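The values are calculated or read from the model by the stated rules, or taken from the named source; none is laboratory data. As the structure is a computational prediction, the values presented were derived from the model and not from experiment. Here Cβ is always computed from backbone atoms with ideal geometry, including for glycine, and neighbour counts include all displayed protein chains.
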Amino acid sequence: MFDYSYNVAYAAAKEPSILSREALSRMAADGSDAVRQLIQYGYGGEGATVSELTDRELSALRAFIMTALPEQLYRLLILPYDAHNLKVLLKCAVSGADASPYLYDNTVYDTEILSACCRGGEFSLVSEEAAKELNPAYDSGVLSAPFGISTTVDRVIRAEITRSAKDAPEPVFKFITAETDGKNLISYYRSRNTGLSRETLSQVLLAGGELPEQAYLSAFDENAADLRAYTFGLSLHDAFCDAAEACRTSISSAADVLDSYALSKLEPYRYETNSPVPLFLYFKKKTAEARHVRETLGGSR
């Protein structure tokens, strides 16, 4: 049986040092050099920019989580970074650009293997299930256009995560489901607010959430500012209503609400000493910190 106790204790000791939005706002208002402040707060190593420091912090986090969890669980957290790499490699294969400056390390799939898949249009080394959608998409030319690349890869990798999550502990499965719902609601707001088409929304929606795809499309047809009419009786109802209010401020504020909702599926188990759940919480809080660092102090990748 996998022993989580040491790594859970390590994460518990590190968690209080995670920077809140409020702390980052104070750092930004201070007017001092952001790089120096981040190093003082524990962002280790060398780095000339906020983006470089944040990338290194996330790289170290991925390396930690890949030793702290068994593969069937760390995949649920690391595969989104593989999705990023896959999209970069496909886009650079089309443009002829060098992908290496934009790739993440410490990921599930070796980038040389992914690169070979992207050059040859054969993705069975990713997984047999992924190949069923990626191979024909490559052959049809869908993976030669930026939008087609992004939507197809996001859909395929999220399906991979959802399949793997079904064998995870129940709180982790519920977290993955809630996270998918959050991503879909943000896609709904972005599509609605920027005047994108119904067809575009249907292409970016991800399978595996509690709320079915048709509910988003019906709400879109009605030009609904929120989805409360479609979510009664579902566990996500209150979170979606709160996100609608937050969206009046910004999409980012709504995303924070939805992140909190997903984390609420894990929070009741945060003090379990030999469980993967506290490690999921730590990972997601650290990645949220990185997003807030970039938004507040600059240097987005």
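Give the residues of region 118-148 that are of a type in the set (Gly, Ala, Ser) and not in a loop (DSSP other than H, G, I, E, B), sorted by residue number.
Passing the criteria: 120, 130, 131, 137, 140, 144, 148.
Report, by residue number, each residue of region 264-291 that is under 13 Å from the mean Cα position of the chain (by Cα) and more than 25 Å from residue 240 (Cβ to Cβ).
286, 290
In region 227-245, what residues are buried (at least 19 other Cβ atoms within 10 Å of the Cβ) and not hydroxyl-bearing (Ser, Thr, Tyr)?
Once the filter is applied, which keeps residues that are buried (at least 19 other Cβ atoms within 10 Å of the Cβ) and not hydroxyl-bearing (Ser, Thr, Tyr), region 227-245 yields 227, 236, 239, 240, 243.
Restricting the first residue to region 1-15 and requiring it to be in a loop (DSSP other than H, G, I, E, B), which pairs with a second residue that is among the aliphatic types (A, V, I, L, M) meet a Cβ separation below 7 Å and a spacing of at least six or different chains?
Taking only residues 6 or more apart or on different chains, the pairs are 4/279.
Please determine, by comparing only the residues of region 148-203 that are aromatic (Phe, Trp, Tyr) and in contact (Cβ under 8 Å) with a residue 24 or more places away in the chain, which one is farthest from residue 254 (Cα to Cα).
It comes out as 175.
Please work out which residue is surrounded by the most Cβ atoms within 10 Å (Cβ to Cβ), limiting yourself to region 1-52 and to residues that are basic (Lys, Arg) and over 25 Å from the mean Cα position of the chain (by Cα).
Checking each candidate, the answer is 26.
What's the total number of residues in region 57-96 that are in a loop (DSSP other than H, G, I, E, B), at pLDDT 95 or above and closer than 21 Å to residue 144 by Cα?
So the count comes out to 0.
crowded, with 19+ Cβ neighbours inside 10 Å and free of Cβ contacts under 8 Å to residues at least 24 places away in the same chain: does that describe residue 217?
no
List the helices (runs of 4 or more DSSP H) that sit entirely inside region 158-275 and contain at least 1 residues that are within 19 Å of residue 69 (Cβ to Cβ) and among the aliphatic types (A, V, I, L, M).
Result: 170-193, 251-264.
Could you check, for region 251-268, whether at least one of its residues is surrounded by 19 or more Cβ atoms within 10 Å (Cβ to Cβ), hydrophobic (A, V, I, L, M, F, W, C) and without any contact (Cβ under 8 Å) to a residue 24 or more places away in the chain?
Yes: region 251-268 contains one or more residues that are surrounded by 19 or more Cβ atoms within 10 Å (Cβ to Cβ), hydrophobic (A, V, I, L, M, F, W, C) and without any contact (Cβ under 8 Å) to a residue 24 or more places away in the chain.
Restricted to region 58-87, and to residues that are more than 16 Å from the chain's Cα centre (by Cα) and surrounded by 19 or more Cβ atoms within 10 Å (Cβ to Cβ), which residue is nearest to residue 161 (Cα to Cα)?
69
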